[in-house]
Amino acid sequence: MPVTNFVSRVTANSASTLWTISRTVAVSSIHRATFVSSAEGSPPPAEGFMHGVANSKFIKNTKDACLRHPELSAVKDSETKKMNFFTAVNDALATALATDEKAVVFGEDVGFGGVFRCTIGLAEKFGKERVFNMPLTEQGIIGFGIGMAAVGHTPIAEIQFADYVFPAFDQIVNEAAKYRYRSGNEFNVGGLTIRMPCNAVGHGALYHSQSPEAYFAHTPGLKIVYPRSPIQAKGFLLSAIRDPNPVLVMEPKILYRSAVEHVPVDDFELPLGKAEIVKEGKDLTVVAWGSQLYVLELAVAEAEKRMPGLSIEIIDLRSILPWDRETVEKSVNKTGRLLISHEAPHTGGFGGEIAAAIQERCFLKLEAPIARVCGWDTPFPLVFEKFYVPSMIRCLDEIERIMKY
């Protein structure tokens, strides 16, 4: 897309966007220079590089920090191991295969370890009849998984990129999601889990960058979870595999190597459908999920630095379906303000559902209109990705606007 066309489309409804774009270019250049100098000029990895994750306060860098988390009380005596995101996914899959003899893992190239190495070593350890490749047909992969689940197995399917899930859309929303309902609960495919790498990666362009969670959030019968860290990658994946419903696990691929923390070695699960308040505050609530949490963390830190006394609460939604209305509602009733941010386009994004629900429940407590900072309503661009994604600068600008309302 020519830059003039892209700029004209994204500036149609915002007088401040050109200023935001120029600031984004400047900040992106600084981030890029920092990365290149630290890596001696080497290009970013295939999984991408995300600024700010390594130093995030949301990352558990020690064993004590990991095991202090109240949701990990069941494994408080466990040893921990430093893992990146994809290694934690691999560990969860290995745990599932070891504890459930009916579990199988399949998808495109997973028998070789997968394009992101999430299944590396599993075929050698558990056998090629339990970890195997599938033809390049997403509809066939999910249809196969539905059939296996219907007869009592625990299929764990991988869609190589979330952008490619759409040929399987009918299988997911019309078959998997409705199987229990249409049989009057006589049959179900609750053993089905579908993993898919999603979100921007720095160079993915149209077909390797999308965030399709909102398409599936409109479908009763499914669950959707969105981990942001290695601990969550392991805990939520194991919960998804063992949940009695079909679950979609959306994995931000830019975090596969960027996010590294201590993870319990023992088997553990995290609760689906429950948000987490990762930073408490009293003046503004900000909500995100997946990799966008780290963008908001930087924006919030800068906003609180610029506006002394400002106190912002950050909520990691974690589950898209079902989503934790109660936690968000309680926070907004306290702060009176809400900002939602996600990479998917603004129109029809899941942020709109959150905004509508909170407006219904918290209307009389609101001090400012609910705001959203999202991807633009355009196809996902390649060289203009930095303009497209809801960057730290765009989030910071919106925080300042809300607080001045």
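Figures for the structure shown
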| read-out | value |
| --- | --- |
| The chain: DSSP helices with Cα axial extent of at least 24 Å and average Kyte-Doolittle hydropathy no lower than 0.5 | 17-38 |
| Backbone HN-Hα couplings from phi across segment 58-72 [Karplus 6.51/-1.76/1.60, Hz, Gly and Pro as x] | 7, 8, 8, 8, 10, 4, 4, 4, 5, 6, 6, 5, x, 6, 10 |
| Net charge, Thr327 excluded, C-beta distance under 9 Å - Lys, Arg +1, Asp, Glu -1 | -1 |
| Choice from Asp77, Asp266, Asp316 showing the highest fluctuation, given a GNM over the chain with Cα pairs closer than 10 Å | Asp77 |
| Cα→Cβ-extended label distance, 7 Å offset, between Glu124 and Asn61, nm | 3.3 nm |
| Area of Arg257 that stays accessible when all protein chains are in place (1.4 Å probe, Å², to 10) | 110 Å² |
| Simple spin-label estimate for Lys81 and Tyr405 in nanometres, 7 Å along Cα-Cβ | 4.7 nm |
| Within the chain: Cβ-based charge dipole about Cα centre, in debye rounded to nearest 20 (Lys, Arg +1; Asp, Glu -1) | 720 debye |
| Around Ser78: net Lys/Arg minus Asp/Glu count, Cβ-Cβ under 15 Å | -2 |
| Separation between Cα centres of segment 271-285 and segment 195-219, rounded to whole Å | 24 Å |
| Top positive-direction residue, dipole computed over segment 69-264 with Cβ charges, set Ala149, Pro135, Gln210 | Gln210 |
| Value of relative contact order over segment 69-264, rounded to a whole percent, pairs C-alpha under 8 Å and six or more apart | 26 percent |
| Extension gain from Phe132 to Gln359, taking 0.36 nm per residue of separation minus the Cα-Cα distance | 77.0 nm |
| Highest-MSF residue in the chain out of Gly127, Gly309, Gly202 [GNM, Cα springs under 10 Å] | Gly309 |
| Net dipole in debye of segment 69-264 [+1 Lys, Arg Cβ; -1 Asp, Glu Cβ; about Cα centre; nearest 20] | 240 debye |
| Principal semi-axes in Å for segment 300-405 [√(5λ), Cα gyration tensor, largest first] | 23, 19, 12 |
| GNM top mover of Val260, Val75, Val328 - the chain, alpha-carbon springs below 10 Å | Val75 |
| Net lengthening on full extension, Lys102/Lys274 (0.36 nm per residue, minus Cα-Cα) | 59.1 nm |
| Modelled label reach - Glu326, point 7 Å along Cα→Cβ, segment 275-297 residues with backbone N closer than 16 Å | 275-277 |
| Where the Cα pairs of segment 69-264 fall when distances are cut into 10 Å bins, in % | 9, 38, 38, 14, 1 |
| Environment charge at Gln171 (Cβ cut-off 14 Å; Lys +1, Arg +1, Asp -1, Glu -1) | -2 |
| Cα-projected label distance for Ala74 with Val383, points at 7 Å along beta-carbon direction, nm | 5.1 nm |
| Distance histogram for segment 54-115 (every C-alpha pair counted, 5 angstrom bins, percent rounded to whole numbers) | 4, 13, 18, 23, 16, 11, 13, 2 |
| Answer label, with Cα extents along the principal axes in Å calculated from the coordinates and candidates [x] 87, 57, 54; [y] 58, 52, 47; [z] 71, 57, 55 | [y] |
| Helical mean residue ellipticity (222 nm; -39500 (n - 2.57) per DSSP H run of 4+; nearest 500) of the chain | -11000 deg cm²/dmol |
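The values are calculated or read from the model by the stated rules, or taken from the named source; none is laboratory data. Computed from a predicted model, the values in this text were never measured in an experiment. Quick reminder, even Gly has a Cβ in these numbers, built from the backbone with ideal geometry, and neighbours come from all protein chains shown. The area values use the complete protein model at the heavy-atom level, side chains included, leaving out ligands, DNA and RNA. Shrake-Rupley method; radii C 1.70, N 1.55, O 1.52, S 1.80 Å.
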